[in-house]
Every structure is written in structure tokens, then in C-alpha cells.
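What follows is a single structure, written as C-alpha cells, with notes after it.
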């Protein structure tokens, strides 16, 4: 086994480590970056509080909503909504179009920044795969441009937006792999056992080939 940044990664490229929430974090090598997949609460995630960011699966208004979006706003406090409100509208009621990304401070969150992105509604979007890939890619570009070295994603569009888990996992993992040279760690912090298991199997398929 090789030591990679204090984490032991097997020749197959994956290691399982204890996670703070009592579960496991599965670690994959995307040299020189690490991909970490865990089940947990993304609002509690942080690495160093100065070069880390969580990704908020926002809606186009960016003023909070249900699911992870609402949870992130509640944890960050009202200052997050105020900061989002100051983001210029690109058209009435739209601050962040589907597939794009915006960045704000994290306020009361342990993570330094919040990157807000809007994933596609699977049954409505004309090309949901392209829109989802853009959501991940633009979040990662924004992270790079703001010197973020550690980033945590939820499963974008896999809640009420109805994106099939396996298809979403393939898009997510293949896209973050493109940015391995720009980040130290990419995390997926997932809220359900089903999504976690799909992400884990897809990572093994795409990163251990």
C-alpha cells in the first residue's frame, strides 16, 4: 500500500477510513488529488475553514429552498440569503441559471465558502446530462479561480429534480476527475444509503479501470 497525503490507498486505488459521523469514508486516488465519498451531513463538512467550500444545490433564485439547499441556508444563517440576494439577476427571478455557479462566503458554516449551482430537472431539461456536467464543471472552475483546494459536493439533482442516481454518479465522478490537478481533495457527502452505494460502485468502476 502507498501512503498518499497521510491516507493509505491500495494498489486498486481505494481505501476505507473511519468517518466523523460514524460511517466510512472511501478514498480513491485521482493523482495528485484524492476523491472521498462518505455518507453524512454536508452542512457540517470542513477541512481547514480557509481553502474549503461546499456546493449548494440551489434553485435559480438562489434564495433557499428544500432539501440540502434549505439545510445549508439554515446552517449558514440569514447572512447567506442576504448575500445571495445581492447576486445580480441575469433575468427576472434568475440569479444563477441552470448549469452555472456562483460563490458566497460560508458565514456560520464550518466551510469557508459556498458555491451555489443549479442542476437540471431531469424530466424538463432538454439535455440533462450536459446541464448536470456544466453544474459540476462550473462549480469546479469557480473553486479553482477562488483558490479552493478542498470541495464537497452533494448529489446534485438527485432529490426532487429526479435525476437517476447511476446516470448522475457517472456524470459527477467523470467530471471531477478532469480537475484532479487543480484540487487537493474532492468530497461527495451524500445523505442516503442508496445514493452513497451508487456513488461508491460508480467510483470503483470509473477510477479503478
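The values are calculated or read from the model by the stated rules, or taken from the named source; none is laboratory data. The structure presented is a predicted model; accordingly, all values stated were derived computationally and were not measured. Every residue, glycine among them, receives a Cβ derived from its backbone with ideal geometry; neighbour counts consider all protein chains shown.
A few remarks follow.
- With respect to the conditions (1) modelled with pLDDT of 95 or more; (2) assigned to a strand (DSSP E or B), residue 61 lacks only one, and its number is (2).
- A single entry from 186, 198, 160, 176 fulfils the requirement of being crowded, with 22+ Cβ neighbours inside 10 Å and either farther than 19 Å from residue 68 by Cα or over 11 Å from the mean Cα position of the chain (by Cα) (or both): 176.
- Residues within region 14-50 that are within 20 Å of residue 176 (Cβ to Cβ), buried (at least 18 other Cβ atoms within 10 Å of the Cβ) and at pLDDT 50 or above, tallied: 17
- Residue check, residue 151 touching a residue at least 12 places away in the same chain (Cβ under 8 Å) and more than 17 Å from residue 43 (Cα to Cα): no
- Taking the criterion of being over 15 Å from residue 158 (Cβ atoms) and in contact (Cβ under 8 Å) with a residue 60 or more places away in the chain, the residues of region 93-138 that qualify are 109, 110, 111, 112, 113, 114, 115, 116.
- Any chance residue 159 is over 25 Å from residue 29 (Cβ atoms), touching a strand residue (DSSP E or B) at 6+ places or on another chain (Cβ under 8 Å) and either part of a loop (DSSP other than H, G, I, E, B) or in contact (Cβ under 8 Å) with a residue 40 or more places away in the chain (or both): yes
- Of the set (1) buried (at least 23 other Cβ atoms within 10 Å of the Cβ); (2) closer than 26 Å to residue 198 by Cβ, all apply to residue 130 but (1).
- Residues in region 170-188 that are closer than 14 Å to residue 135 by Cα and touching a strand residue (DSSP E or B) at 6+ places or on another chain (Cβ under 9 Å): 4 in all.
- Residue 133 being touching a helix residue (DSSP H, G or I) at 6+ places or on another chain (Cβ under 9 Å) and within 21 Å of residue 166 (Cβ to Cβ): yes
- Residue selection: residue 170 fails the criterion of being touching a residue at least 60 places away in the same chain (Cβ under 8 Å) and outside any strand (DSSP E or B).
- Qualifying residue in region 71-81 (condition: under 13 Å from the mean Cα position of the chain (by Cα), modelled with pLDDT of 95 or more and part of a helix (DSSP H, G or I)): yes
- Test: residue in region 90-110 that is at pLDDT 95 or above, part of a helix (DSSP H, G or I), surrounded by 17 or more Cβ atoms within 10 Å (Cβ to Cβ) and more than 15 Å from the chain's Cα centre (by Cα): no
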